[in-house]
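Take a look at the structure below.
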Amino acid sequence: MPLAFWTDAAQAGADQAVAGLDMGHDHARLVVLARAGRSWRLEQCQQWPLEPGWMQGGRISDFLPLADTLQQQLAETGIERLAMALPAEACTSAVLEPPAGWSRLRARPWLQQQAAALMQRPLSELTWSAHALPGRPQRWRLVCACLELVQDWMGLAEAAQCKLVRLDEVHQASWQALARWYGDAPESTLLLQVGAASVQALQWRGGQWHWLWREQADAQPVLEHCLHAARDAGQLALIGDSPLAQDLQAQFNADGRAVLRPLPAQSPLWAAGGPLDQLSDAFWPALGLACPPHLA
């Protein structure tokens, strides 16, 4: 089972409503979108708290109460098609440059080999996805996770009586949404996508977001890495509301640094409205899950 998959049912039901669910360290956030001609319309945008201990390090620690809560919340929306994001802390990633003489026709077997080496597991025990990065030379961002972890998340969708149509990593989902729905950043803006113990950095250059780096470690080393990287950034932006994100925001405030909070581009397709200003820190992953570029 690959990450970032879309099922045949998802493609066949592209005109139906779909929900994107992002579960952070202490909150779950849901976005429901429906077709509006060739565009998408925001139908619902909500969040609810998760109890401490239900999730730890991106893994589901207490399945039954989490599944019960998810079932109750989704039943109220009437949604049946669900997309979910794996927490960044549950995944391992690397940026790879293909070897000399490499052909895109040989991409899949080469990436499979790299995934097995990265996880130090046979392919039968892991899931993976690869995303081509903009720019030259050609590079790929490879994202991997253990199969048993992915199966737990798929079980959540089944327990909630929803059809899982997409599964992706939270940073990748957020990046996809940003690339499509936000383009007002000043040139060279440094954007930090902050999780519970991981940060991915993007930079706005030439009208698109470029991947810079991803750091995953204990909170203090990650915090120091981000503060060092931000020293030379002309403009900062931040997505996330974990304790690590709050610590970063507090440090930037203490240093007198202004921090952007990206919001979706204003457009008639958002006419249904929603509390976007209240969910701006955590909105992007859910939006990226519910409305990927290739179904637009």
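The values are calculated or read from the model by the stated rules, or taken from the named source; none is laboratory data. The shown structure was predicted, so the numbers you read here are calculated from the model rather than taken from an experiment. Here Cβ is always computed from backbone atoms with ideal geometry, including for glycine, and neighbour counts include all displayed protein chains.
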Of all residues in region 118-140, how many are of a type in the set (D, E, K, R) and modelled with pLDDT under 90? 2
How many residues of region 258-285 are part of a loop (DSSP other than H, G, I, E, B), surrounded by 19 or more Cβ atoms within 10 Å (Cβ to Cβ) and modelled with pLDDT of 75 or more? The answer is 2
Residues of region 125-146 being surrounded by fewer than 17 Cβ atoms within 10 Å (Cβ to Cβ), free of Cβ contacts under 8 Å to residues at least 40 places away in the same chain and within 19 Å of the chain's Cα centre (by Cα), which ones? 132
If a residue must be under 20 Å from residue 96 (Cα atoms), of a type in the set (S, T, N, Q) and either in contact with a Cys (Cβ under 6 Å, 6 or more places away or on another chain) or not in a helix (DSSP H, G or I) (or both), how many such residues does region 159-207 contain? 3
Any hit, region 237-254, residues being surrounded by fewer than 16 Cβ atoms within 10 Å (Cβ to Cβ), modelled with pLDDT of 85 or more and in contact with a helix residue (DSSP H, G or I) (Cβ under 9 Å, 6 or more places away or on another chain): yes
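Can you say whether residue 89 is in a loop (DSSP other than H, G, I, E, B) and within 23 Å of the chain's Cα centre (by Cα), as far as the supplied structure shows? Give the steps one after another, and end with the answer.
On the way: in a loop (DSSP other than H, G, I, E, B): no; within 23 Å of the chain's Cα centre (by Cα): yes.
Answer is no for this residue.
Which fully enclosed strands (runs of 3 or more DSSP E) of region 9-82 have 2 or more residues being polar (S, T, N, Q)? Step through it out loud before you land on a result.
Numbers: elements: 18-23, 27-36, 39-49.
In region 9-82, 39-49 are the strands (runs of 3 or more DSSP E) which contain 2 or more residues that are polar (S, T, N, Q).
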